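S.K.: Handing you a structure now.
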Amino acid sequence: MNNQEKNDISRRSFISSAGLLVAGVYLMPKTVFAQTPSPVVTIINAAKTATVNVTKLRGNINVLDGSGGNIAVLQGPDGKLLVDGGIGVSKQNVLAALNSISNDPIKYLVNSHWHFDHTFGNQWLHEAGATIIAQEKTRKHLAEKTRVVDWNYTFDPFTADALPTVLFKTEHTLHFNGEKVLIKKYPNSHTDSDSSVFFPNANILHVADTFWNGYYPFIDYSTGGSIDGMIAAAEININKATKETIIIPGHGPIGNKQHLIEFHAMLATIRDKVAVLKKQGKSINEVIAEKPTAAYDAKYGGFVIDGTFFTRLVYKGL
């Protein structure tokens with residue numbers, strides 16, 4: 001894949017993602033995560049009619065966007081392997097997108113972490129034939145009532161048929177459709193159980209919500225998230241990638257190593273600025289008034305989380 005093809009993919013994916021935001025899937029008043037009603041309800045309702053788009057990447061790997069987080073699809077004679085399954089209310093549109101790739105059956109689903117916009121498709125995908133793979137703590141969160149304070153939402157436990165059954169602690173490997181699939185847990189970052197999925201033959205790395213391309217990321221402190229862990233995960237991703245690696249973020253357009261480098265710099269710079277101000281004894285409102293995210297707001301603050309809310313998240317984690 002040449003640079004022009006990569007740019008075309010990024011441009012198409014960005015347009016698609018922006019369309020979803022405008023349609024209401026993630027568009028919400030800035031800093032509303034702790035307000036009522038929860039944005040989770042808004043996102044689920046919008047996902048019922050969201051368009052699901054298919055973008056071919058490299059080899060036999062495609063990416064679907066439009067139902068929550070980005071979904072990677074490895075297809076071939078062994079069937080389909082998915083990384084994340086989107087939101088269940090998008091089933092018909094996700095299924096149509098999958099069938100447009102091929103008629104091969106769905107065999108595996110990898111949950112990159114437990115959040116609803118990546119796992120609410122678990123039940124129907126399991127019914128369609130998928131064996132669900134996940135890190136141990138991902139299953140734990142899915143199996144119990146879990147409250148996310150900054151979303152003002154409590155998630156009920158999944159039913160048994162929607163839970164992962166192939167579990168790992170630190171890493172898991174399988175061979176499928178001629179590709180080695182390497183799944184590896186991060187240190188606590190976006191949550192306490194995020195995992196990357198690397199396809200070395202195709203040189204494609206799905207980093208899930210440790211990377212939001214073009215957006216400030218959410219950090220879920222309720223289930224072990226950490227701003228320092230997000231920075232560490234960004235470093236891990238940078239070290240894993242080469243200039244030719246295609247990066248699939250949890251949200252946003254397809255990226256590359258340079259995007260990871262820029263994302264890491266943004267996280268580290270804002271973290272350090274907020275840390276200095278907090279150490280000086282400034283309150284959260286005083287820190288916000290200092291605008292520590294100002295240099296990055298135009299690039300990263302346009303959609304899900306603005307600079308004010310991201311400042312709150314960083315301050316909370318220090």
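Read-outs throughout are calculated quantities, based only on the coordinates presented, and are distinct from any laboratory measurement. Quick caveat: nothing in here was measured; it's all calculated off a predicted structure. Using ideal geometry, Cβ is built from the backbone for each residue, glycine included, and neighbour counts are taken over all protein chains shown.
S.K.: Compute a Gaussian network model of the chain, connecting alpha carbons closer than 10 Å, and tell me which residue from Pro187, Pro105, Pro37 fluctuates the most.
M.R.: Pro37
S.K.: Still on this model: Evaluate the Debye formula for segment 175-216 with equal point scatterers sitting on the alpha carbons, no solvent, and hand back log10 of I(q)/I(0) at q = 0.19, 0.21 Å⁻¹, in q order, two decimals.
M.R.: So the normalised log intensities work out to -0.62, -0.71.
S.K.: What is the packing order of peptides 307-317, 291-301, 211-221, taking the mean over residues of other C-beta atoms within 10 Å and listing the highest first?
M.R.: Per-residue mean Cβ counts within 10 Å order the peptides as 211-221, 307-317, 291-301.
S.K.: Cα axis of helix 307-316 to longest principal axis of the chain: angle in degrees, 0 to 90, nearest 10?
M.R.: The helix 307-316 is inclined about 90 degrees to the chain.
S.K.: Here is a further query. Run the Debye formula on the Cα coordinates of the chain, all scatterers equal and no solvent, and tell me log10 I(q)/I(0) at q = 0.15 1/Å.
M.R.: Values, matching the q order: -1.22.
S.K.: Give me the extension gain from Lys279 to Asp78: residue separation times 0.36 nm, minus the current Cα-Cα distance, reported in nm with one decimal.
M.R.: 66.8 nm
S.K.: What are the ³J(HN,Hα) couplings of segment 249-262, residue after residue, when phi is run through the Karplus curve with 6.51, -1.76, 1.60 and θ = phi - 60°? Round to Hz, x for glycine and proline.
M.R.: Values, residue by residue: x, x, 9, x, x, 4, x, 9, 4, 4, 4, 5, 4, 5 Hz.
S.K.: A further question on this structure: How much length, in nm to one decimal, is gained on full extension between Ala289 and Ala268, taken as 0.36 nm per residue of separation minus their Cα-Cα distance?
M.R.: 5.6 nm
S.K.: Fully extended, how many nm does the chain gain between Ala160 and Ser102 (0.36 nm per residue separation, minus their Cα-Cα distance)?
M.R.: 18.0 nm
S.K.: Turning to a different aspect of this structure: Pop out the ³J(HN,Hα) list for segment 212-223 in order, Karplus 6.51 cos²θ - 1.76 cosθ + 1.60 with θ = phi - 60°, rounded to Hz; leave Gly and Pro as x.
M.R.: 10, 6, x, 10, 5, x, 7, 10, 8, 5, 5, 10
S.K.: Of the peptides 227-234, 118-125, 241-248, 174-181, how do they stack up when ordered by the mean number of other Cβ atoms within 10 Å, highest first?
M.R.: The densest-packed peptide leads the list: 118-125, 227-234, 241-248, 174-181.
S.K.: Here's another thing I want to ask about it. Rank-order 281-290, 190-199 by packing density, defined as the average count of other C-beta atoms within 10 Å over each peptide's residues, highest first.
M.R.: 190-199, 281-290
S.K.: Tabulate in residue order the Karplus-calculated ³J(HN,Hα) for segment 51-62, using 6.51 cos²θ - 1.76 cosθ + 1.60 with θ = phi - 60°, rounded to whole Hz; enter x for Gly and Pro.
M.R.: 6, 10, 9, 10, 10, 6, 9, 8, x, 10, 10, 10
S.K.: Roughly how tilted is helix 227-240, in degrees to the nearest 10 and between 0 and 90, from the longest Cα axis of the chain?
M.R.: That works out to roughly 50 degrees.
S.K.: For the chain, what is the percent of antiparallel DSSP beta bridges, rounded to the nearest 5?
M.R.: 65
S.K.: May I ask you to list the residues of segment 67-108 whose amide nitrogen lies under 17 Å from a point 7 Å from Cα along the Cα→beta-carbon direction of Thr49?
M.R.: 67-68, 89-94
S.K.: For the Cα atoms of the chain, what angle does the longest principal axis make with the long axis of helix 3-23, in degrees from 0 to 90, nearest 10?
M.R.: 70
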